[in-house]
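Single-structure report; data block below.
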Amino acid sequence: MHLVVRRYRPSDKDAVLTLFCDGILEHINPSFFNAISNPVNVGVTLFLSVAGYMLGGGSTLWALLLAGSWVGLVYYCCSQLYASYVRERLRTDMQDIPGCYLSHPDNCFWVAETEVIGRAEILAMVAVVGRRDGEMCGELFRMIVSSKCRRTGLGSRMTQTVIDFCKERGFSKVVLETSSIQTSAVALYKKLGFSHILSHTKTYSPEWMTIISRVTILKMEKVI
């Protein structure tokens with residue numbers, strides 16, 4: 001498959017937004033399976049099962065009802081964690097990609113494109129914004145690779161595109177944030193020389209949802 005990495009064009013918007021939404025929302029199920037298997041959440045599920053059984057006078061239905069309600073809440077929290085992020089991004093920078101990423105020389109937005117049966121198809125995207133944090137650095141954003149191209153080296157290629165751009169601009173480092181659920185992405189970044197520098201739980205969802213979801217946001221950086 002021949003892939004071309006190029007700057008974003010306004011005509012790419014619909015394809016880019018679809019890829020963005022799909023790429024973020026696909027983390028809901030892995031996030032849920034991770035959260036519900038967490039020892040604390042397992043303990044809560046078992047406790048509610050026993051409590052429901054006892055309160056219902058030995059009713060299995062009550063046991064399943066209480067435990068199922070908790071499991072449903074965990075899934076809801078996981079889904080809202082990613083859905084709220086998508087809503088916020090579609091309301092802000094992804095609504096005006098040229099204005100946010102292509103109107104300043106320290107920023108850029110790229111897509112990876114291939115031709116499928118005579119039709120162009122966008123299979124990946126990534127963006128960078130130059131920021132001053134004592135000294136100039138580039139912050140990597142919106143890294144999405146289509147499920148059709150996983151484990152082909154495209155993620156490395158897109159990340160390297162950002163690193164090379166930051167070197168050309170004279171930045172001192174590249175920084176990014178990703179979630180603890182995205183283990184493949186974390187492994188990729190570490191392979192390319194990024195280090196984990198801190199963790200936090202600030203998201204676009206209420207803090208209690210983030211706690212139940214058991215998702216941590218990882219900040220990583222690479223000195224260049």
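Of the helices (runs of 4 or more DSSP H) that lie entirely inside segment 12-105, those containing 2 or more residues that are touching a helix residue (DSSP H, G or I) at 6+ places or on another chain (Cβ under 9 Å), at pLDDT below 95 and farther than 25 Å from Ala127 by Cα span 39-55, 60-91.
Tell me the residue from Arg91, Arg87 that is among the basic types (Lys, Arg), free of Cβ contacts under 8 Å to residues at least 40 places away in the same chain and either over 26 Å from Ser11 (Cα atoms) or open to solvent by 40 Å² or more (accessible area, probe 1.4 Å) (or both), please.
Values: Arg87 fails: free of Cβ contacts under 8 Å to residues at least 40 places away in the same chain.
Unique residue meeting the criteria: Arg91.
The rows are residues; the columns are (1) over 30 Å from Phe165 (Cβ atoms); (2) open to solvent by less than 30 Å² (accessible area, probe 1.4 Å); (3) among the aliphatic types (A, V, I, L, M).
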| site | (1), (2), (3) |
| --- | --- |
| Val5 | no, no, yes |
| Lys13 | no, no, no |
| Leu19 | no, yes, yes |
| Asp22 | no, no, no |
| Glu26 | no, no, no |
| Leu48 | yes, no, yes |
| Gly52 | yes, yes, no |
| Ala63 | yes, yes, yes |
| Gly68 | yes, no, no |
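A quick yes/no check of all residues on (1) in a helix (DSSP H, G or I); (2) open to solvent by less than 40 Å² (accessible area, probe 1.4 Å):
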| residue | (1), (2) |
| --- | --- |
| Thr152 | no, no |
| Met158 | yes, yes |
| Thr161 | yes, yes |
| Lys167 | yes, no |
| Val175 | no, yes |
| Tyr189 | yes, yes |
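Against the conditions (1) closer than 17 Å to Lys190 by Cα; (2) open to solvent by 60 Å² or more (accessible area, probe 1.4 Å), Arg132 satisfies every one except (1).
The values are calculated or read from the model by the stated rules, or taken from the named source; none is laboratory data. Predicted model, so just to flag it, every value in this text is computed and none were measured. Positions of Cβ are generated from backbone atoms using ideal geometry, with glycine treated the same way; all protein chains shown enter the neighbour counts. We work out accessible area using only protein heavy atoms, side chains counted, and drop any ligands, DNA or RNA first. Shrake-Rupley method; radii C 1.70, N 1.55, O 1.52, S 1.80 Å.
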